[in-house]
Amino acid sequence: MHEILFFPIVTQVKDELGQIEKIEDFSRQVFCEEKSIPQSEFFAAGQNEIKASCILIVHLFDYQKERKVKYDNEIYHIYRTYKRKDERIELYCEVKTGV
């Protein structure tokens, strides 16, 4: 079953002090499939203090090296990718707390 995720569109604006601020708008909509984290990946990520949450699979042409994604009303950080032979890419995601 296909789900929808959102990649951020980042814009830069100057505030009244002239400082540049980046604004992320998670509005670029892409179809994806969710895959569970295998136990081996969960433990390997944990050894590097990464809390693996899910794997999201998208078409390779939809991925533009983003480091964040919004899926199921949660912001995920992409800590690793895996390019598959079927022109799709797996995005290994974690939720960072306090960021």
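Filter the trypsin sites (Lys or Arg not before Pro) in the stretch 21-67 down to the DSSP loop ones having no more than 13 other Cβ atoms within 10 Å, then list what survives.
Filter output for the stretch 21-67: LYS65, ARG67.
Hey, got a sec? Which GluC sites (Glu not before Pro) in the stretch 48-99 land in a DSSP loop and have at most 13 other Cβ atoms within 10 Å?
Hits after loop and neighbour filter: GLU49, GLU87.
May I ask you to give the solvent-accessible area per residue for the chain, in square angstrom, as obtained with a 1.4 angstrom probe?
72
Taking only DSSP H segments of four or more residues, each worth -39500 (n - 2.57), what value at 222 nm results for the chain once the sum is divided by all its residues, to the nearest 500 deg cm²/dmol?
Dividing the helical sum by the residues of the chain leaves -2500 deg cm²/dmol.
What net charge is computed for the residues neighbouring VAL13, neighbours being all others with C-beta under 11 Å from the C-beta of VAL13, Lys and Arg scored +1, Asp and Glu -1?
For residues surrounding VAL13, the net value is -1.
Where in the stretch 67-94 does the amide nitrogen come within less than 20 Å of the point 7 Å from the Cα of GLU34, taken along Cα to Cβ?
67-82, 89-94, by backbone N distance to the label point.
Give LYS14/LYS51; LYS14/LYS70; LYS14/LYS85 a once-over and call out the pairs whose C-alpha atoms are over 31 Å from each other.
Beyond 31 Å: LYS14/LYS51; LYS14/LYS85.
Residue separation times 0.36 nm, minus the C-alpha to C-alpha distance between ARG80 and ILE9: what's the value?
This chain segment gains 23.6 nm when fully extended.
The values are calculated or read from the model by the stated rules, or taken from the named source; none is laboratory data. Quantities reported herein were computed from a predicted structural model and do not represent experimental measurements. Backbone-built Cβ (ideal geometry, glycine too); neighbour counts: all protein chains shown. Ligands, DNA and RNA are excluded from the accessible area calculation, which covers all protein heavy atoms including side chains. Shrake-Rupley method; radii C 1.70, N 1.55, O 1.52, S 1.80 Å.
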